[in-house]
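K.L.:
Structure incoming, see below.
The values are calculated or read from the model by the stated rules, or taken from the named source; none is laboratory data. Predicted model, so just to flag it, every value in this text is computed and none were measured. Cβ placement follows ideal geometry from the backbone for every residue including glycine, while neighbour counts extend to all protein chains displayed.
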Amino acid sequence: KGNWDALYRMISAGQEVVSHNMETVERLYRRVRPQAKYARSLEQTKLTKEYGKRTKTGIMLGLGETKEEVYKAMDDLVAHGCDILTLGQYLQPTKMHIEVAEFIHPDVFDHYREEGLKRGLKYVESGPLVRSSYHAERHVNV
């Protein structure tokens, strides 16, 4: 919630990669993360990078986002110093959560991986079963 002192306390603990999951694209942010703000999450990534840490985030796909919105999120993340992006299929955990709008084809995940690398991300894990910690050991030396 923008408590930058708490952020600095946390990122000074010695970890090699600091992750803050964006979860979705800007248009859907308020619906998916009602207590979070897209710009504030980007600022957290920027401050973490400026502190000298490797930065990581994750986005769930299948919530109704467009390809253009995913590309914009990638560009925003690169502009704020994000190194690593995970992209996975959103799955509705309970009936009280947002419904799945679309199941994303594995070829689309492959496309997003390539697109993210072209746009300047250093590492992109992208697939239907990818979660934020998926192959996390690979993210240490990015």
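K.L.:
For region 1-29, how many residues meet the condition of being exposed (fewer than 10 other Cβ atoms within 10 Å of the Cβ) and either basic (Lys, Arg) or closer than 17 Å to Cys82 by Cα (or both)?
P.N.:
The qualifying residues number 1.
K.L.:
Follow-up question, since we're still on this one. Right, Leu77: hydrophobic (A, V, I, L, M, F, W, C) and within 17 Å of Ser133 (Cα to Cα) or not?
P.N.:
Numbers: hydrophobic (A, V, I, L, M, F, W, C): yes; within 17 Å of Ser133 (Cα to Cα): no.
When the stated conditions are applied, Leu77 does not pass them.
K.L.:
Right, something else. Going through Leu42, Leu61, Leu87, Leu77 one at a time, which residue ends up being over 17 Å from Gly120 (Cα atoms) and in contact (Cβ under 8 Å) with a residue 24 or more places away in the chain?
P.N.:
Leu61
K.L.:
Moving to a separate point now. Only residues in region 120-142 that are in a loop (DSSP other than H, G, I, E, B) and surrounded by fewer than 15 Cβ atoms within 10 Å (Cβ to Cβ) count as the first member; pair them with residues that are modelled with pLDDT of 95 or more and β-branched (Val, Ile, Thr), Cβ under 6 angstrom, at least 6 apart or cross-chain, and list the lot.
P.N.:
Listed by first residue and then by second, the contacts come to Gly120/Val78; Val142/Ile84.
K.L.:
Can you find a residue that is at pLDDT 95 or above, within 23 Å of Arg54 (Cα to Cα), touching a Leu at 6+ places or on another chain (Cβ under 8 Å) and small (Gly, Ala, Ser) anywhere in region 90-102?
P.N.:
No, the conditions are met nowhere in region 90-102.
K.L.:
Can you name every residue in region 30-39 that is in a helix (DSSP H, G or I), in contact with a helix residue (DSSP H, G or I) (Cβ under 9 Å, 6 or more places away or on another chain) and either farther than 17 Å from Gly81 by Cα or modelled with pLDDT under 90 (or both)? Outline the logic, then answer.
P.N.:
To start, the set of residues in region 30-39 that are in a helix (DSSP H, G or I) comprises 30-32, 38-39.
Still in the list and also in contact with a helix residue (DSSP H, G or I) (Cβ under 9 Å, 6 or more places away or on another chain): 30, 38-39.
Passing the criteria: only Arg30.
K.L.:
What number of residues within region 1-32 are more than 18 Å from the chain's Cα centre (by Cα) and free of Cβ contacts under 8 Å to residues at least 24 places away in the same chain?
P.N.:
Qualifying residue count, region 1-32: 7.
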